[in-house]
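Read through the structure below, which is laid out as structure tokens, and then see the notes.
Throughout, read-outs are computed from the coordinates displayed, never taken from laboratory work. What you are looking at is a predicted structure, and each value in this text was computed from that prediction instead of being measured.
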Amino acid sequence: MELLTTLFRQILQMRQISMAVLVSLVAVAAFTSFTSGTSGRSTADEPKKAEAMTENKLVGTWKMVKARYGGREAQFSEGHTEFKHITPAHFILVAFEKDGKVMAAIGGPYTLKGEKYEETPEYGLSEIFTNIKGKPQSFTCKVEGNRWYHNGTVSSGLTIEEVWERVEPK
């Protein structure tokens, strides 16, 4: 009887060890998959995506330094600032005054093919946004050094010529 009891205890111990090993392996697998943010596998497309993002010279933050609308030089109040933030997939333009009050904001997806830049405003605030919401706005763009030359005619018929300067990190 004592032999049976000893064997039974050994079997139970082995099952506990096996279960502990199984639980540990599952925990390690779950942790690895969770912390990597992906399935842990890379695809052939990942280098292409990374290369495409580095080729996009517009990604970053830009500050408007000069503009002409309808052929006329834009006159902004002192302290007026406009930034355009470009990610690999979206843009957002924000205009604000010296006191920090936002006067306009417009954002949405964009595409860049060669020198053709097209943005489609999907969210924002201001009368300008109301007039162009959901309508693709096509422009030519050229980046020379730290300057972005942005020209075209918006869907309302207004011609714009803007010069943006890259904002460098401090």
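What to note about this one:
- Note that the range 151-167 has calculated 3J(HN,Hα) couplings of 10, x, 10, 6, 4, 7, x, 6, 8, 10, 9, 10, 10, 10, 10, 4, 8 Hz, one per residue in order, obtained from phi through the Karplus relation 6.51 cos²θ - 1.76 cosθ + 1.60 (θ = phi - 60°); glycine and proline are x.
- Lysines whose Cα lies under 26 Å from that of Lys113, excluding same-chain neighbours fewer than 8 positions away: Lys48, Lys49, Lys57, Lys63, Lys66, Lys84, Lys133, Lys135, Lys142
- Amide H contacts of Met103: Ala95, Phe96, Glu97, each under 5 Å away and 5 or more positions distant or on a separate chain (H built 1.01 Å from N in the peptide plane; Pro and chain starts excluded).
- Whether the range 130-170 is rounded, prolate or oblate, judged on the alpha carbon gyration tensor where a/c under 1.5 counts as rounded: prolate
- In the range 55-166, Cα pairs under 8 Å separated by at least six residues give a relative contact order of 25 percent.
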